[in-house]
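This report refers to the structure that appears directly beneath it.
The values are calculated or read from the model by the stated rules, or taken from the named source; none is laboratory data. On a predicted model such as this, the values are computed, not experimentally measured, just so you know. Glycine gets a Cβ as well: all are built from the backbone with ideal geometry, and neighbour counts include every protein chain shown.
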Amino acid sequence: MDLNINDDTYNRLSEHGKEQLSMLQTFQQEMTAGICQMDIESQTQIRELRQRVTRAADLSLSAGRGNIEDLTERNRPTVVIQQFKEFACNEQMDFVNEIFAEQGRGSKKNTDMEERIRTFSCSIFSTVFDVARNTEMTYKKNMNDKRLGHGEHTEQKPPKTKDGVLLSKVSGTKYQQPSTTSADANAGPHMDNLMSLLSHYLRATSHEVDLNYIVKESWDIMNKEGQDPFVTHWLKNYPTYITSLIEKCARLAWMIAVQVPAYEICCSVNHFDPTKHTPMNRQSQRDWRGSTVKIKCYLWPTLMQVKKDGEKRVVAKGEVLI
């Protein structure tokens, strides 16, 4: 039987075959592209993992654990440092935009005002960090004095977490000068172990403790200090936004304050140092190296790690205006 190529049935089958062939070719191309993409993603993941392990191996951020961090620890130093670096890009700029949205309705966003607001938010973080650091130090001193039976101190309870253990008010506690006894000398190793356990506990719960005291204390300090007209206006008219930023600063500041070795922030150095600062206008940065250039203001502080011997190492450069 001869097949009539002019027959309608043949033409319909031929078109259907072409369509199926086209679909198969498209499917093959998609599969090939998918396999290539999977290979690229796998290589990217392997490369990122290698980079993370390399960075971890290069860091000496935890006492008594060599150069490698415990990557299972949620609040480990590298994570907190990264949050500090990202804070200026995220939470701080959100605050700037919120103030502009309220203050600059119908007006153009200008650089001078943005710098003023960023400087203000930097001072907020600095104030909150001081309160958090003093709170952490006083809490440990209270525990130490209570363990040794020295000094008079307030009733001290463990920081409350969501699971039931609240950071109580510890600021303003009065102390008597501890006396040296033989019990103190014998308690040395035990106290070191106790302080180590306490530090670990504070760090492990730093993301969930109640920090209302730090927020309130920081707000009170800011309102007591003499402020320029802009800051006075913002404190009076935008308390909701400022309180929200203080709460976010308190969380980050507390997570930094309880790290071991200790960290400190700096926004008081008056001269530009390329090892500690990043200028907002970076185009002429090479011209400032080796020269004495004054800093006009800090837009975000420098974060430094304080080693046991007192040496300080910059882990996050501050952003400045010069």
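Residues that are modelled with pLDDT under 85 and either under 25 Å from Ala262 (Cα atoms) or surrounded by 15 or more Cβ atoms within 10 Å (Cβ to Cβ) (or both) within segment 200-229 comprise just one, Gln227.
Ile246 meets the stated requirement of being among the aliphatic types (A, V, I, L, M) and in a helix (DSSP H, G or I).
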